[in-house]
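Asker: One structure coming up, written as structure tokens, with questions to follow.
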Amino acid sequence: MRVGLYGGTFDPVHCGHLIVARAVLEQASLDRILFLPSASPPHKQVVDLLACEHRAEMVRLAIADEPGLEFSDFDLTRKGPSYTIDTVLHFHRTLGEDVALHWIIGADSLAELMTWHRVSELVDACRIVTAGRVGWDRESWGALRSELDDAQVQRLEADVLDTPVIQISSSEIRDRIRRGLSVRFSIPDAVLAYIDAHGLYRL
């Protein structure tokens, strides 16, 4: 069994997230991907993060009936910062040590991976799958060698995938909604209906 773990604030989840997830699912030959909205992301300075229950429901709506894509509330219900290593070790315990876990990140996150909590242990505990996109910086390998050995860096290099470049961001979606502009085609229709029904992201 090969399982992908896709963490993020998903504020809101958008079509770019879904396109990347589908590309990684296929290219990395994963059996399924778990979407893991984060309650307290340690790598982002988040202001006015939308309530957990809204972000969770939007993810559920976005991936409903999508084969291979599933939802987990583990990082929403745990206490303290959502450190990736803790999440990975949790799923090793619950899914079994024989399950190959793949943590999905963007290229911008790869460039700052050396700042992550217990990063060397993390790289050994799972495969870090990088979805190549704008922000990719090949010089990041040198910085990573300050925290990782050559074998670990080689594994990271081998798991960089050529995924579609999607110029959609959650911050842009929030801004457009605040300004009364259309976000259709950027987010799934069910998510848009939920945002409208609950008046989310309005001033």
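Bear in mind these aren't lab numbers, they're just calculated from the coordinates by the rules spelled out. Not measured: the values here are computed from a predicted model. Here the Cβ positions follow ideal geometry from the backbone for every residue, glycine too, while neighbour counts run over all protein chains shown.
Asker: Under the classification rounded if a/c is under 1.5, otherwise prolate if a/b is larger than b/c and oblate if not, where does the range 73-118 fall, given a ≥ b ≥ c as square roots of the Cα gyration tensor eigenvalues?
Answerer: In terms of gyration-tensor shape, oblate.
Asker: Once you have the Cα-Cα distance between T94 and E121, take 0.36 nm times their residue separation minus that, and quote the gain in nm to one decimal.
Answerer: Net length gain for the segment: 7.9 nm.
Asker: Per DSSP H run of at least 4 residues, take -39500 (n - 2.57); add these up for the chain, divide by its residues and hand me the 222 nm value, nearest 500 deg cm²/dmol.
Answerer: Estimated from H runs of four or more residues: -11500 deg cm²/dmol.
Asker: For the chain, state the semi-axes of the equivalent ellipsoid (square roots of 5 times the eigenvalues of the alpha-carbon gyration tensor), sorted largest first and rounded to whole angstrom.
Answerer: 28, 18, 17
Asker: With r as the distance between the Cβ atoms of A197 and S171 and R0 = 22 Å, compute the FRET efficiency 1/(1 + (r/R0)^6) and round to 0.05.
Answerer: With R0 = 22 Å, the Cβ-Cβ based efficiency is 0.50.
Asker: Contact order normalised by length for the range 48-203, with contacts defined as Cα pairs under 8 Å and 6 or more residues apart; what percent is it?
Answerer: 20
Asker: Give me the one-decimal nm value for the distance between modelled label points at A51 and R32, 7 Å along each residue's Cα-to-Cβ direction.
Answerer: Distance between the two pseudo-spin positions: 2.8 nm.
Asker: Moving to a separate point now. Please compute the length gained on full extension between A64 and F185, using 0.36 nm multiplied by the number of residues separating them and subtracting their Cα-Cα distance.
Answerer: Gain on stretching A64 to F185: 41.8 nm.
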